[in-house]
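What follows is one structure encoded as structure tokens, with my remarks underneath.
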């Protein structure tokens, strides 16, 4: 009988005790780090980039995001007649390659490795919201 009473007391004490508080992570999540990356990219752009949108998760498995930036710099804007004008096509190709190299930097790849992100796509938009260049960044 005494064993049953002790067991009952142990159950009551265990049931009434408060649970251990969950550990709160102080590490920034992928969205926070990507937003900081975007802000730093804009800050270092000399005015070529502005208005970074918050990182938008576009896939969970595999994890992927889109970052969007605006520009009104004519040197970064795509030429409209690239389908029929070889010089315009080559200019657009150079702009896209330069945007790819600028966006998909080592800092971004380090963030991607840290958070196991498969793809971050950097979209460069004009003031009307039209896509001027896309830079897919993968590991």
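Residue 28 satisfies every condition listed in (1) part of a loop (DSSP other than H, G, I, E, B); (2) under 22 Å from residue 119 (Cβ atoms); (3) modelled with pLDDT of 95 or more except (3). Of the strands (runs of 3 or more DSSP E) entirely within segment 55-139, those holding at least 1 residues that are within 22 Å of residue 32 (Cα to Cα) and at pLDDT below 95 occupy 56-60.
Selection of segment 87-123 for residues being touching a helix residue (DSSP H, G or I) at 6+ places or on another chain (Cβ under 9 Å) and either surrounded by fewer than 15 Cβ atoms within 10 Å (Cβ to Cβ) or without any contact (Cβ under 8 Å) to a residue 60 or more places away in the chain (or both) yields 105, 107, 112, 114, 116, 118, 122.
The values are calculated or read from the model by the stated rules, or taken from the named source; none is laboratory data. Please read all numbers here as calculations on a predicted model, not as lab measurements. Don't worry about glycine lacking a Cβ; one is built from the backbone with ideal geometry, like all the others, and counts go over all protein chains shown.
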